[in-house]
Structures are given as structure tokens and as C-alpha cells.
Amino acid sequence: MALIDVPPGHLGTVVTYLEMRERPKPRPLPSSKLRMKAWPDVTPAQYRTLFERVGGRWLWFSRLRMDDSTLRASICELHAVIDRAGVEVGMVELDFSAPGQCLIRFLGLVPELAGKGHGEWLFAQTLTLAWRKGIERVHVNTCSLDHPAALPSYIKAGFKAYKRAFETFPDPRLLGLLPRDVAPQIPIVG
């Protein structure tokens, strides 16, 4: 057994890699008051706003540090989750760049919707989009900083864990990428 020190001003997380190698059996889509729409013309500012709203509490920051041209080049197939008022309340970003594969880059809803039964609908929608013709593998990774229901939800949806890694990185709150008061469940050290 080994404990690994995390430097002051940094965070440490266990990343779990998951995959699905068979299309799930067809089931009726759960009902929801939310809807999904493709968002191919998203601006960097719109993307960052939604990315932070969905992932700030879980310290998503990778896309926040990119300049506009890098971000535009990095965004894959993006779908916004929309509420009845037409407001973006979630996102699904799928990467089909590897032949025969779909990587779920980002998947989430704003924290206010957590625990209200929308997750099953979001997973069903995401898997319907991901398992298109020619796809043999859908994969994703999540980490121990993410919503506590993330990993169990992926497993419930049929994903199988195949690898783990330990990742450290500078705390994005200390870098000014996220407000210092987001993610109160994760104390700032350093």
C-alpha cells in the first residue's frame, strides 16, 4: 500500500475508464421534460458558460483554459440538453474520431437537476446517439471528483470498468479558471 502526496495547490483524483462493446438491448426511452438538440454552431463563450454551469461543481476545467481557436478545434459532436423554457441545462459531447469508436467526452446536467430522475433519460439519449452504424465500442472515463452518482450510473447503464489511473493537476480555483467557492465539497489546500 502506498499513499501518494499531492502537492499544495493541486488536486488528486482516481480516474476510472469504462467501455461498452455491445449495443444495449432496445428499450423505450424514459420520458422527460428535457430535450436534446445538436449544437454545431456553439460559440466558445456559449460553450464555456454551459461547461462551467454543468461541470464547475465537479471541477471540470480542461476546456476553460483553452483559447478560442483551440477550443473550436477541440469541440466534437455537441448536443445541448434544453429545458421547457429553451435554456441549456446540460451537455453531451461525443467524439467519433477513432474508427469504430465513440468516446463520451462530456456528459452532464446542471447541479440543480441532479437527483430528479433525469439521469436515466440522459444516458438513454446519449447511448442512442453514440451507438450509430459502424460503432463497435463506446467508452468514457470519470473520476472521483465527479458527481457521486456518475460511476454507479455508468455501470448501471452497462459500461464495464477496464482501467484506473491516478491524476494530479493544479487546482483550477487557484488558477482563476473557476471561482474559489465552487466545489465546496473539495477543500482548497495550499
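The values are calculated or read from the model by the stated rules, or taken from the named source; none is laboratory data. All values derive from a computational prediction rather than experimental measurement. Cβ sites come from the backbone with ideal geometry, for glycine too, and all protein chains shown count toward neighbours. To get the accessible areas, we keep the full protein, side chains included, count just its heavy atoms, and leave off ligands, DNA and RNA. Shrake-Rupley method; radii C 1.70, N 1.55, O 1.52, S 1.80 Å.
Remarks
- Only lysine pairs 8 or more places apart or on separate chains count here, and in the chain those with Cα atoms under 22 Å apart total 8.
- Over region 1-77, the hull volume per residue, using the convex hull of the C-alpha atoms, is 212 Å³.
- Anisotropy class of region 31-109 from Cα gyration tensor, a/c 1.5 cut: oblate
- Centroid-to-centroid separation of region 1-60 and region 135-168 [C-alpha atoms, Å]: 10
- Counted charge near residue 31, where neighbours are those whose Cβ lies closer than 15 Å (Asp, Glu -1; Lys, Arg +1): +3
- Sites residue 67 and residue 1, calculated FRET efficiency, Cβ-Cβ separation with R0 30 Å, nearest 0.05: 0.10
- The chain - percent relative contact order, Cα under 8 Å, separation 6 or more: 38
- For the chain, the longest principal axis of the Cα atoms and the long axis of helix 44-55 meet at an angle of about 80 degrees.
- Inter-label distance for residue 74 and residue 137, nm, one decimal - labels placed 7 Å from Cα along Cα-to-Cβ: 2.3
- Volume of the Cα convex hull of region 33-190, divided per residue and given in Å³: 130
- The long axis of helix 119-130 is offset from the longest Cα principal axis of the chain by roughly 70 degrees.
- About its Cα centre, the chain has a charge dipole of approximately 660 debye under the convention of +1 per Lys or Arg Cβ and -1 per Asp or Glu Cβ, with nothing else charged.
- Accessible surface of region 18-163, 1.4 Å probe, proportion on carbon and sulfur as whole %: 53
- Considering helices alone, the calculated mean residue ellipticity of the chain at 222 nm is -6000 deg cm²/dmol, with DSSP H runs of length four and up weighted by -39500 (n - 2.57) and normalised per residue.
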